[in-house]
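This report concerns only the one structure given below.
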Amino acid sequence: MTRIAVVKKDKCNSAKCNWLCFNLCPINRTGKDCITKQDDKKPRIDEKLCTGCGICPNRCPYEAISIINLPEKLKQEPIIRFNYNTFELFSLPVPKHNKVIGILGRNGIGKSTALSLLSGLIKPNFGDFKSPPKDEEIIHKFSNSELGLYLKGLYDGKIKCSYKPQRIELLPQFYKGKVKDLVKKVDEKNLSELLLNQLELNHLLNRDISELSGGELQRLAILACLARNAHFYFIDEPASFLDVTQRIKVAKLIKELTKDSSVIVVEHDLATLDYISDEIQIVYGVPAVYGIFSQSKSTRRGINEYLDGYLPDDNIRFRDYKIKFSDAAISKDVQKEVDYEYPALDKEFKDFVLKVSPGKLHKGEVLAVMGANGLGKTTFIKMLAGLEKPSSSNKLEPIKVAYKPQYLHAVDGTVEEFLRKVAGSEYESGWYKQNILEKLGIHYILRNEIKNLSGGELQKVYVAATLSTDARIFALDEPSAFVDVEDRLKVAEVIKEFTIKKEVATIVVDHDVQFIDYLADSMLVFEGNPGKEGFVLSPLNKREGMNKVLKLLDITYRRDKENNRPRINKPGSQLDEQQREKGEYYYS
């Protein structure tokens, strides 16, 4: 049995547990060194001596240890491992000429590592991180596969790659100066004028890169990637920070501007991934432990198999439950008791004006808010929460609002300390533990320091904290950001169940159409001129709201027959044209 032992050093706290794993290990008790103490105060586990008894991972108070028995047929050495007791990646996706390959998998399972390997930023070491192989040895290892030819061309300098990384917030560290300087530097195909117009970046040309917002950095990073003259394009999470309009626009640009090249795209937004991909490759395994890439599949089949959690060709079940978009997610009119009425509101800034029509919030109802960035969605929520004062004379009735902001900041202390402080006595209730902590997977990270959490973990903790607050209205700004597919639907489910159970009014601002489709009862659709003026009419029922959003986007949706998953129709297809004729852009 091949076994992987992983020690998550950011979670391990041997000083507080007094080396519990070292003391409990049965092999250590026989006098052998299965678990040893290292100079960095962290344990090292000998995978050959480890019997997989399960004592150390089950007893570790910080859940810092994972011992995983690999599938029997997986006997090859890993493609890469960075150190002792760390993550292993066992295969790579295969780029295909004139194809966009979509990569789908959980956070921490090797997607970004794979793109770094294929773009040459890092090289395979086949588990030998002390004496990495030379280029010739790497190529020889893959000599009987397409990857061998690809890597030979890459290392010989005959293949040129363009790579858009996931961590776009780090862009200002690598490129200093103004936006126009970077655009000039990367424009190898004379596409800068087109890309600046399509990505709406012209007004930022004289702005320093360090002053850009997350969405602006994302669009600039996409421009820098697509403007390069390359054979292969690797694009990691292009939808993050972008509004729904920009996501579809970026997807169209990628397909149009790389049609004579090979493209691999990593993305959690299923609608964007479905729209952009010609084929899908699934990554499965155990997050932060190991990852394996499946063979390429058609887009529909690949996404549906991922949602099923089962790969028939490999006879691998990588998840013990199916992800389904049940009938409960389909639009229904909600007629419930009015909880709160807000009047017509105006807000004037130096260069921006927001006008909001009066509306009602209902108990047990999720009001979804959609629209382009820069139209005032966050300002609207802040006015309700009392964080911004309306410019008009209309006064808002004071009401307690629990507000989760768009941009999150790590606070001091552990997850448990943070949530106990917010939730009070509710923290000890069985309902809270089962429906908030367990469903969001937070019970695994309660002892972790908040400053060490990943983006997805931090997002789920803040969602939990918001729902833990004693309030009458709950407002969450982009709760799906940084969260993978499985957890996005869990977040949606938790928010919806909480709203119904507590009979409160909930407002959710988000750009993921499928996320909104899953949890919304009614909708506010913001319109206007981004950055200059925004307006919104009274809430619409979900069907009317989704139809309006999709018409603004100029796309039509259908539902997958197997699992009700909303899918974007291919432009010009028979179903697309039929729905446009009927004016039914949202079809359920």
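The values are calculated or read from the model by the stated rules, or taken from the named source; none is laboratory data. All of these numbers come straight from a predicted model, not from anything done at the bench. Glycine gets a Cβ as well: all are built from the backbone with ideal geometry, and neighbour counts include every protein chain shown. What goes into the accessible areas is simple: the full protein's heavy atoms, side chains included, and nothing from ligands, DNA or RNA. Shrake-Rupley method; radii C 1.70, N 1.55, O 1.52, S 1.80 Å.
Annotations for the structure displayed:
- Where both bridge residues fall in the chain, DSSP classifies roughly 45% of the beta bridges as antiparallel.
- Fraction of antiparallel bridges per DSSP, the range 178-295 only, in percent to nearest 5: 50 percent
- Size descriptor, Kirkwood hydrodynamic radius, that averages inverse alpha-carbon separations across the range 518-588, Å: 13.2 Å
- Converting the Cα gyration tensor eigenvalues of the chain into ellipsoid dimensions via √(5λ) gives semi-axes, longest first, of 40, 32, 23 Å.
- Length available on full extension from residue 39 to residue 136: 0.36 nm per residue minus the Cα-Cα distance, which gives 31.4 nm.
- Averaged over its residues, the range 65-153 has an accessible area of 47 Å² per residue, based on protein heavy atoms and a 1.4 Å probe.
- The value obtained for the range 112-158, namely the Cα convex hull volume divided by the number of residues, is 76 Å³ per residue.
- The range 60-209, Cα convex hull volume normalised per residue, Å³: 191 Å³
- For the range 204-276, accessible area per residue (1.4 Å probe, heavy atoms of protein chains only), Å²: 26 Å²
- Full extension of the segment from residue 434 to residue 97, taken as 0.36 nm per residue of separation minus the current Cα-Cα distance, would add 116.6 nm.
- Cα pair count fraction exceeding 26 Å, expressed as % - the range 1-117: 30 percent
- In this view, the solvent-accessible surface of residue 41, computed with a 1.4 Å probe and all protein chains in place, comes to about 130 Å².
- Each other residue within a Cβ distance under 9 Å of residue 376 adds +1 if Lys or Arg and -1 if Asp or Glu, for a net charge of +2.
- Our note on the geometry: Cα centres of the range 48-104 and the range 402-452, 28 Å apart.
- Euclidean distance between Cα centres, the range 20-47 to the range 227-291, Å: 42 Å
- Virtual spin-label span in nm between residue 529 and residue 55, 7 Å along Cα→Cβ: 7.2 nm
- Per principal axis, descending, Cα span of the range 415-511 in whole Å: 33, 32, 18
- Within straight-line cross-link reach of residue 32, lysines at Cα separation under 28 Å, skipping those fewer than 8 residues along the same chain: 8, 9, 11, 16, 41, 42, 48, 75, 130
- Computed over the alpha-carbon pairs of the range 242-345, the distance histogram in 10 Å steps reads 11, 31, 28, 18, 10, 3 percent, short to long.
- For residue 379, the accessible surface of its heavy atoms amounts to roughly 20 Å² (probe 1.4 Å, protein chains only, rounded to the nearest 10).
- 4 °C / 1.567 mPa s Stokes-Einstein diffusion coefficient of the range 124-263, Kirkwood radius on C-alpha pairs, µm²/s: 78 µm²/s
- Prolate/oblate/rounded call for the range 461-588, Cα gyration tensor, a/c under 1.5 rounded: prolate
- Spatially proximal aspartates and glutamates relative to residue 178 (Cα-Cα < 12 Å; intrachain offsets below 8 disregarded): 208, 211
- Accessible carbon and sulfur surface of the chain relative to its total accessible area, %, 1.4 Å: 48 percent
- Pairwise Cα separations in the range 323-466 fall into 5 Å bins from 0 onward with the following percentages, short to long: 2, 7, 14, 15, 16, 16, 14, 11, 5, 0.
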